[in-house]
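The values are calculated or read from the model by the stated rules, or taken from the named source; none is laboratory data. Values in this document were obtained by computation on a predicted structure and should not be read as measured data. All Cβ positions, even for glycine, are placed from backbone atoms using ideal geometry, and neighbour counts span all protein chains on display.
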Amino acid sequence: MEFLLGLPLLFSFIFLYIKGKTHIRILILLQVISIFTAFLVAKQIYYQTFTTFFNILFVNLNIFLIIAPWRLIKFKSVFVKNNNKFLFFKKILYKFLFLHILLNTTILVIILIFIPDISKFKAASGYLDLYEQIPYFANVFRYVYVTQNLGYLAIPICFYHLGKFEIKKSIIALIYSSSSLIFGFATYSRASIFTFAVVFIVYFFLVKHTLPLTLQKKFYSGIKKTTFILVSLFLVMTVIRFSAMDYYGDRIPEESIIKDPVVYSLVDYASQGYSNGLNLLENYSEKKNLKGEQLFYNIYQILNFFGIYDWSSDESQYKTDEAYGGNEFSGVFNGYTTYLVFNLGYIITFLISLIYFVFVRLKLNNRSHISLETMYILVLLLIIPIVSIFYCGFLLLYFPLLFLIFTNFLYFIKIK
């Protein structure tokens with residue numbers, strides 16, 4: 001059944017794959033792997049109604065809209081509109097990212113010392129114990145969680161300097177960008193590690209032709225070696241976590257082709273979004289609309305912290321669990337489309353995907369030269385199709401976008 005459900009999306013990708021370049025093929029393969037690995041772990045769609053097939057078409061359409069505009073890439077160079085503004089932005093960004101590296105490294109060391117057991121940290125939210133044991137740990141942890149994706153803004157800077165053969169400056173930007181990757185290791189977050197690695201790789205193929213040919217080959221070789229290391233660490237984290245969870249094997253369906261708990265956890269991790277999403281949409285109604293509760297979670301948390309808005313994380317979780325039908329459904333991956341529908345409804349979900357499609361296409365279409373300022377936005381938007389096999393990634397973009405607005409405002413004041 002899962003194969004048949006995935007066929008409409010697969011066929012819609014065939015043309016893009018054949019005509020597209022490496023970056024679009026990676027985005028497509030993520031979706032294909034996510035849909036068809038479900039067969040290996042006996043994921044099922046429990047309904048076969050008109051609503052089911054409507055939702056299949058709707059989910060496929062939305063996924064197509066966030067991937068298709070990335071096909072037409074003809075970049076030959078990346079330029080800076082205003083060099084003084086660029087240097088001003090980079091100076092402020094690097095100060096923040098230096099702080100992030102220090103904080104994330106500190107958190108990594110603390111967690112390794114106090115909670116070396118990955119399964120305890122992830123399954124039982126063991127980090128909450130550190131809130132009471134270590135002064136100010138709660139505030140620091142919340143800060144790095146909200147700002148974890150700021151490092152992505154240094155990725156375009158890394159490749160911009162690389163394109164100008166400024167190797168030292170490129171390496172510095174690369175180090176600062178890794179603050180987002182360190183967060184993933186500090187919190188045992190496989191999703192954060194996966195997202196950063198794939199965004200970085202896809203971005204390389206986006207701007208590959210803006211780099212000198214000799215650097216293209218060297219950087220590509222470096223990416224392959226680094227990817228091997230990250231994949232190895234990713235697998236080590238998975239083995240340590242799930243080999244310690246004996247009860248996890250009881251969750252494996254009898255029909256599953258994969259029986260090993262560790263291997264099952266990896267395949268299950270990748271395949272949840274599509275089937276889970278369709279099953280949940282079958283029972284969706286307007287009464288279950290969360291009105292952005294998940295989508296604006298981080299914003300509500302910040303406003304509550306400063307006493308601007310009265311909000312409770314426990315109440316928010318209760319609302320979410322009620323809408324999805326229990327924690328076992330709200331606490332798993334449900335895919336890009338279902339996440340948006342449960343927060344904003346069908347119509348707004350489609351409009352958001354359509355706006356995304358139009359915006360990205362306008363920014364990319366038939367451009368051989370593109371500004372670095374535009375690439376800041378595009379590297380953030382690139383997160384959306386990559387994490388769409390898990391959830392909606394828009395909530396990951398708030399702080400980086402606010403940071404861009406904030407630094408632009410500061411520069412405007414500076415030159416006045």
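Brief remarks follow.
- One residue stands out in the stretch 293-319 among those that are closer than 19 Å to Phe390 by Cβ and either in contact (Cβ under 8 Å) with a residue 24 or more places away in the chain or among the hydrophobic types (A, V, I, L, M, F, W, C) (or both): the one that is surrounded by the most Cβ atoms within 10 Å (Cβ to Cβ), namely Gln294.
- Yes/no for Tyr284 being within 24 Å of Thr51 (Cα to Cα), at pLDDT 85 or above, surrounded by 14 or more Cβ atoms within 10 Å (Cβ to Cβ) and of a type in the set (Phe, Trp, Tyr): yes
- Checking each residue in the stretch 32-65 for being within 19 Å of Ile352 (Cβ to Cβ) and either at pLDDT below 85 or surrounded by fewer than 16 Cβ atoms within 10 Å (Cβ to Cβ) (or both) picks out Phe54, Leu57.
- Set Asp260, Asp268: member being closer than 28 Å to Ile45 by Cβ and crowded, with 18+ Cβ neighbours inside 10 Å: Asp268
- For Val78, the criteria (1) modelled with pLDDT of 75 or more; (2) hydrophobic (A, V, I, L, M, F, W, C); (3) assigned to a helix (DSSP H, G or I) hold in every case but one, which is (3).
- Filter result for Glu322 (over 21 Å from Tyr145 (Cβ atoms), charged (D, E, K, R) and touching a residue at least 40 places away in the same chain (Cβ under 8 Å)): no
- Where helices (runs of 4 or more DSSP H) fall entirely within the stretch 321-416, those with at least 3 residues that are aliphatic (A, V, I, L, M), in contact with a helix residue (DSSP H, G or I) (Cβ under 9 Å, 6 or more places away or on another chain) and at pLDDT 90 or above are at 336-344, 346-364, 372-381, 383-387, 398-415.
- Sub-8 Å Cβ pairs linking a first residue in the stretch 341-364 that is without any contact (Cβ under 8 Å) to a residue 60 or more places away in the chain to a second residue that is surrounded by fewer than 18 Cβ atoms within 10 Å (Cβ to Cβ) and outside any helix (DSSP H, G or I), at least 6 apart or interchain, are Asn343/Asn289; Asn343/Lys291; Asn343/Gly292; Leu344/Asn289; Leu344/Lys291; Leu344/Gly292; Gly345/Asn289, ordered by first then second residue.
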